[in-house]
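Single-structure report; data block below.
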Amino acid sequence: MRRAATSALRRSLRPRRQFHNAAADPSSSVQITTLPNKIRVATESTPGHFSSLGLYVDTGASCEDASTSGVCHFLDRMAFKTTTTRSELDMATDMDKLGGQIYCSSSRETIMYQSAHFDQSTPLAMSLIADTVTNPAFLSDEIIAERDAARYEIREVSSKPEMILPEVLHEVAYGRTGLGNPLLCPEDRIDVIDEPIMRGFMKDWYRPERMVIAGAGIPHEQLVELTDKLFSSMKSTPVPAPTPTVTPHVRATNPTPSQFLPSAQAPSLYKSLTRAASSYLLPTSTLSPTLAPGRLHSRGYQGGHKFIQDSSTEFDHLYLAFEGVGIHDEDVYTLATMQVLLGGGGSFSAGGPGKGMYSRLYTHILNHHPQIDHCSSFHHIYTSTSLFGLFASYVPHAGKHGNTASQIFPYLAHQLSLLLYTAIAPAELERAKNQLKSSLVMALESRAVEVEDLGRQMLVHGRKVPVMEMCDRIDEVDAAKVREVASRVFGPDVRKSATVVAMGREDVRDWREMLKKYGLASFISKYVYDEALLNLLLVYPESRTHFESLLVLRNTNPVSSTLAQLLACVGESALFAIVVVPLAITHARDIPDRELGFPRVVARVFWGKMRMDDEDAESTGFSSWAEALLIDMSVRPYR
């Protein structure tokens, strides 16, 4: 007893470390403290017998490059394995002691480690999270086991169109960098990811200034002390962080929620496949990945089209998306309201109040077209961009009363067109706003969602946006604002391409022409040229001398005049075959005949002429390559 009393006295006399406490809003229950190493601790005081805490790292799949592709998927799978202080058995035993849930989840812009547990288990939960983040062992046998598990996971996800198609959508929308990186490890990278790659990525990106520790139902002083004890060994980078690159689509910045409809369940990789993520900041250390500021998002949104032929599925699938606004943009509330207004779901529903049966996709599409099994709107939100659009699953043309993608596409385009050119009934808009507000409030009743929302908002905004402030912003949305934001995102003057992904028996044809018919954005992205010019350099390195002039044409002219000027520059020489034809072939799938016109016909006729003239074909070396490319792109050349 005397020894215990002496120890307690010594602890009380020990000088306390000084932490920086952010000025708190008197009306807010959120407290924020920044430790000396710049790790931020935020807590929200809500009573209850259950607590939740999480560690949120400002990195994700969008931060991967060619050398680290797939590493976030493996870091997710390798969480809570053997560490330098716990065996795998000890880790599993301590996790079971929590009596709750503890898990890791990776998304495109955030990796989070989160626990839900009884109040008295907070120190143990914090210890487990700190151990797996700061002391991972990365044993070879565990890595091998997770490789097999990753292969199985990829097979399972790939067999489910509703899971894999959002990944394809991101790849087409953003290219194969940044937000276009897959959440799942590419199959050819599974055997490549090893301990050095994982440790290198963590060293570059797992830095205290990029971390937030959030707690709900936990005394603030307790969480600060635990964080200081378990994470004080991590040293922050003294170099100031570079300013994040923001796409031109973003305008005024106002604090907004990190996500509107967070999941109340423990996330698995399956649930991570389309989650909106938190902020993106480049690493600040000289040991960080060798990419210049903004490089990971340098291409940004590009749009485009992809068709995946698969006759084995019960339904065919079609996605139509446009680039929306980022999380900091003032119009994000309006876009979220538009998503709820469109709503949607499956062709069968139990009905009942609050099920969204009066949303537009139900009343305008599902109730009138029985061949459509599912139709819904989506909104994937990120820091400086988002994807907004519609998705439909339908009985294919091969089935009874089936349809083709080209028949379904106008239904989707028409619903977006209505937002642009027709008035919204006040009762309809009010219903959508009420549904959005109730979703926010009810979701935050979950302890796990509450702490995740706090952690993500701290990463994005540096503060917690009160839910009533969000509701007030939603109340400000009116019909005029909806039309304004719709025009900004997918109006006819938008100079960005739509993103179209189709999977099934038949592709959607002339989709740009259909978008134009409905008064929607039908712009042709200049990234189409990039691929063609890259093919040009790869196949004909000697064309490098003409590359600079081609880029000038690409940057200053629309499609028709660019191809016309190229034709004027090269005439009927061999260079015509290696410049105009690759461009025309590359466009053949994405541009309708009436829009591409002469260059497309010339490309096909020229290809046919080379087929008939063996000497010309041999002299240019182009005929076989053109034929292979035409066949690969499913473009039928004239014979």
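Computed from the coordinates by the stated procedures, all read-outs in this text should not be read as laboratory data. In this text the structure is predicted, and so the values were computed from the model without any measurement. Cβ placement follows ideal geometry from the backbone for every residue including glycine, while neighbour counts extend to all protein chains displayed.
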Query raised in the report: What FRET efficiency comes out for the pair Val192/Ser127, r = Cβ-Cβ distance, R0 = 45 Å, nearest 0.05?
Result: 0.90
Report summary line: Least to most buried among Cys185, Cys471, Cys72, by other C-beta atoms within 10 Å and fewest first, runs Cys471, Cys185, Cys72
**Report entry** Cα-projected label distance for Ala479 with Ala425, points at 7 Å along beta-carbon direction, nm
**Finding:** 1.2 nm
**Report entry** Cα gyration tensor shape for region 358-449, rounded if a/c is under 1.5, else prolate or oblate
**Finding:** prolate
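What is the extension gain from Tyr358 to Glu162, computed as 0.36 nm multiplied by their sequence separation minus the C-alpha to C-alpha distance, in nm to one decimal?
Going from the current span to full extension adds 68.2 nm.
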Query raised in the report: Taking a ≥ b ≥ c as the square roots of the eigenvalues of the Cα gyration tensor of region 295-517, is the shape rounded (a/c under 1.5), prolate (a/b larger than b/c) or oblate?
Result: prolate
Report task. Run the numbers on region 295-517 and let me know its relative contact order in percent, using alpha-carbon pairs under 8 Å that are six or more apart. Result -> 35 percent
Requested in this report: Given a cut-off of 30 Å, name the pairs among Lys481/Lys517; Lys38/Lys81; Lys203/Lys437; Lys203/Lys229; Lys160/Lys517; Lys203/Lys496 whose C-alpha atoms lie farther apart than that in the structure shown.
Outcome: Lys203/Lys437; Lys160/Lys517; Lys203/Lys496
Report task. Determine ³J(HN,Hα), in whole Hz, for all residues of region 58-68 in sequence, where each value follows from phi through the Karplus function 6.51 cos²θ - 1.76 cosθ + 1.60 and θ = phi - 60°; x replaces Gly and Pro. Result -> 7, 7, x, 4, 5, 8, 6, 10, 4, 7, 10
Report task. Would you mind pulling out the separation of the Cα centroids of region 393-456 and region 156-194, in Å? Result -> 24 Å
Requested in this report: Taking the Cβ of Ala413 as the centre, find all other residues whose Cβ is under 15 Å away and add up their charges (Lys, Arg: +1; Asp, Glu: -1).
Outcome: +3
